[in-house]
Amino acid sequence: MVEGTEYQLQCDVLNVAPVQNLTVTWYKGNETIKTDSYGDQSKTPVNKSSILTITPSSEDDGALYRCEAQLNLGPGGPHPSPVKTSEHHNMLVHLGTTSLYTLEMNPSRLVVRYGDSVSVNCSTSVADPEGMGWEASDGATGLVEDVTWVMWTVESLEDWDTSPKCFINLKNGVQHVETLGVTLYQLPDVVSISPLNHTGPMVEGTEYQLQCDVLNVAPVRNLTVTWYKGNETIKTDSFSDQRKTPVNKSSILTITPSREDDGALYRCEAQLNLGPEGPHPSAIDSDFNLTVFYKPVIRKCPHSFAGKEHTFSLDMNICAADGNRRPHVQWYLQGRLLNSSKRLTRRNSGEYVFTATNDHGTVNSTVNITVEYAPELICPVHYEGEEGKNHNLTCSAGGMPSPTIIWSKDGKEVDLPVRLTRKDSGEYNVSAINKHGTSYLKMDVNILYAPEFLPGENTLELSEGGDESLVCSAEGNPPPKLEWTYDDAAGNVNVTTGGRQSTVRITGATSTNTGSYSCTATNRVGTATRMITVIVMMKAAEPSSD
């Protein structure tokens, strides 16, 4: 390509559907430079093209362009959305064979509103040209001799196909010509939203189309139409139409409104994106408020409701429904239509059906209604269980609503574990509470556990003739019985037992006291045995006086 000349790149997307979900994005390197989407509503595969207009400069030499086609299939579609990318287009930009005579135009590219005045200066660095001039459908100057600059001026630019050319004639007979890139634009006269093939309120769950009409805008290839729901962007359309003159364009948005869309504000916004050389005109938009008819929806209705008898009736805001149009509500019990203003008694407890009906449908909800009364607590006064085993310690309580049962010990609320330990023994306060009162009971809990020996020595060394005591201490619930087993050949061993401790007293130890002494602790939960080894150290014989 030649620097300063306008070109077009075309991205072809073949055999794609549905095209209304297609976007084509152009990239220069990693920079997004244009995005096109399509208002075509056909469902079968079609071919589509997107055109990118560029005017390369010397800095674009070697630039990589690519286009990317993506199907945006919404929250119900695959994630990530399917994408196909073209091969890269590597741009080669030449300065041209007459670069010594390059003409410089200021501005180098012109973006002007239809009917506005323009003024562009064309100059050269050649010191002594034969002359310069402008060729144009409006504002042509012809050859102006012996100048190094010349102005192209138009008081009101109205030629949509204008392509002004600045030329320089050299005295050696060479002529060099540069074309000024001109974009003539016109903002839309009108932007408006209207339902397509529909009038009046919409019905929930039905598919509709909104059409955004943009009238008398140019150039349409620079136009984007963006749809908003509230402040959320939901769709953007651009156009590949290459016509320069003003045209009318439409963008279609397909919606399936729900009840949440009633009163929603949709907006379409038309924007001319005129590039870095052009102005940034404000977007022109149009609003559309949806009115959606929908079948009733129950806004409030508990699964169960309880009240004190003689104090409430069905029409006291137990359930509420909404709909467009406003629904008619009724109550039924076992298929019978009820007088909803009548106060309920205990005999009226049961499963009720609340219904709401309008022209678009009927909805219903079931409510279990009961009367309320204070708790009645039933618990054992005493409970006894073994440590480490699952307990069956339970309390039952009647009441409406179902009361909360709270266990407390030593003034603190507790949660009973699945298996109780000895630390869980003690006196508990049990209370059952609902909004109508509290019931209290006290309970003694006794957790039994097998005997366990307290720490002590397992080996005892005695000196011959010495005295020593072997102590056996154990705890358990109930308190264990302690018994010793040993060989009393010397007859110098006595046993005393008191509380959870039993003592073997050896006096005047001899070698016959060496051996094993077993202490056994027993209660009705289990038995434990502890072995103590006694070693009597004999004195060395005294040497003979001989």
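A short reminder: the numbers here are calculations on the coordinates, not readings from a lab. Since the structure is predicted, the reported quantities are computational estimates derived from the model, not experimental observations. Glycine gets a Cβ as well: all are built from the backbone with ideal geometry, and neighbour counts include every protein chain shown.
Quick notes on this one:
- GluC sites (Glu not before Pro) within region 444-497, DSSP loop, no more than 12 other Cβ atoms inside 10 Å: 457
- Phi angles across region 494-500 convert, under the Karplus curve 6.51 cos²θ - 1.76 cosθ + 1.60 with θ = phi - 60°, into 3J(HN,Hα) values of 10, 10, 10, 10, x, x, 9 Hz, Gly and Pro given as x.
- Radius 14 Å from Cβ of residue 148, net charge of other residues (Lys, Arg +1; Asp, Glu -1): -4
- Normalised by the number of residues in region 373-449, the average gap of Cα pairs under 8 Å and 6 or more apart makes the relative contact order 42 percent.
- Scalar couplings 3J(HN,Hα) for region 345-361, obtained by applying the Karplus form with A = 6.51, B = -1.76, C = 1.60 to θ = phi - 60°, are 10, 4, 6, 8, 4, x, 9, 9, 10, 9, 10, 9, 9, 9, 5, 9, x Hz; x denotes Gly and Pro.
- Each Cα pair of region 211-325 feeds into the Kirkwood radius, which the Stokes-Einstein equation turns, at 10 °C and 1.306 mPa s, into a diffusion coefficient of 88 µm²/s.
- Environment charge at residue 9 (Cβ cut-off 11 Å; Lys +1, Arg +1, Asp -1, Glu -1): +2
- The GluC sites (Glu not before Pro) of region 165-273 meeting both criteria, a DSSP state outside H, G, I, E and B (loop) and at most 12 other C-beta atoms within 10 angstrom of the site's C-beta, are 207.
- Percentage relative contact order, the chain, counting C-alpha pairs under 8 Å, at least six apart: 7
- Backbone HN-Hα couplings from phi across region 448-464 [Karplus 6.51/-1.76/1.60, Hz, Gly and Pro as x]: 8, 8, 5, x, 9, 7, 7, x, x, 6, 9, 9, 9, 9, 10, 8, 3
- Legend: ranking of residues 134, 149, 484 from fewest to most surrounding C-beta atoms inside 10 Å; resulting order 149, 484, 134.
- When volume of the Cα convex hull per residue in Å³ is computed from the coordinates, the matching label among (1) 151; (2) 396; (3) 188 is (2).
- Filtered trypsin sites (Lys or Arg not before Pro), region 282-368: DSSP coil and at most 14 other beta carbons within 10 Å: 308, 325, 342
- Cross-linked pairs 165/249; 48/295; 423/481; 300/412; 28/171: Cα-Cα separations exceed 30 Å for 165/249; 48/295; 300/412; 28/171.
- Among 205, 266, 151 the positive-end extreme of the charge dipole of the chain (Cβ point charges): 205
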